[in-house]
1. Normalized C-alpha radius of gyration of the stretch 103-150, against 2.2 N^0.38 Å?
2. Within the set LYS57/LYS94; LYS50/LYS91; LYS57/LYS149; LYS50/LYS164, which residue pairs have Cα atoms separated by over 30 Å?
3. Which residue, GLN64, LEU168, THR89, has the largest displacement toward the positive end of the dipole of the chain when charges sit on each Cβ (Lys, Arg +1; Asp, Glu -1)?
4. How big is the dipole moment of the chain about its Cα centre under a simple scheme where the beta carbon of each Lys and Arg is +1, that of each Asp and Glu is -1, and everything else is neutral? Debye, nearest 20, please.
5. Over the alpha carbons of the stretch 67-122, what is the largest minus smallest coordinate on each principal axis, giving the biggest first in Å?
6. Please list, short to long, the whole-number percent of alpha-carbon pairs of the stretch 47-145 in consecutive 5 angstrom bins beginning at zero.
7. Calculated from the structure, volume of the Cα convex hull per residue in Å³ equals which of (1) 187; (2) 137; (3) 112?
8. Can you list residues from other chains, or at least 5 along the same chain, whose modelled amide H is less than 5 Å from the amide H of VAL189?
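Values in this text are rule-based calculations from the coordinates and carry no lab data. Only a predicted model underlies this, so the values are computations on that prediction, with no experimental measurement involved. Cβ atoms come from the backbone with ideal geometry, glycine included; neighbour counts cover every protein chain shown.
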Amino acid sequence: MRNVLAAAVMLSLAFVLPAAAAPCPGIVVLQDSFTTPNPAIDSTANAQSKITIQGGKAEVTFLQPAMGRDDEYTGIQYGDVNVCGTFATAKTDKAENQAAGLIFWGTDYTAFYSFQIQPAIGQFAVLQLVPGTGWALPLAWTASTAIVKDMGAANTLMVQTQGKVVSLFINGQKVGTYTGTPPAGGGVVGFSVSTSTPSLDTWDVTDFSVGVP
């Protein structure tokens, strides 16, 4: 596993949200400012959506309804890690069941976990993409008052992995835990967004960072 600590800067910060640009707690080993495209993300991988990275955000616009987009920071695997990111829909999007969240424990684009929220509904869940099988729901959709449900509002998520245990945070509040099976040697991380049926939604992703305990 690549040694991601060599160039890291110690930023032992409290997890305070939803203030912009606050990195994940721990030794920050990745902080994407979304000013220029990160070469670890393949911006051409999904023909059903368009991603624009500039001005401090990754804006995903869907070209077809009922689609999802997953973006992974390939090339770096993490063991115990904190993964953070902020997600907001456009104020003009229709309030449906569009979802967004953080990818963790990924092997590649065919095998990973995702901590997602549906802001319009006020629910969160842990999803798993299983090779050859498709999507599983190891932690079912659960209502949480920690989610800001207003369209256009930002919600900041954090996934904290420790061994086989995952702690889930929304806007600074711990909302649950999940016990699963991390990949051997660590997993890749990233973010996931989706659109509803029949809407063509837009998502803004900001403040993506990774901290190692």
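1. 1.26
2. LYS50/LYS164
3. LEU168
4. Computed about the Cα centre, the dipole is about 280 debye.
5. Dimensions of the stretch 67-122 along the principal axes of its Cα atoms: 37, 23, 15 Å.
6. 2, 10, 19, 24, 24, 15, 5, 1
7. Working out volume of the Cα convex hull per residue in Å³ from the coordinates points to (3).
8. Those qualifying (amide H under 5 Å, at least 5 residues apart or on another chain) are TYR73.
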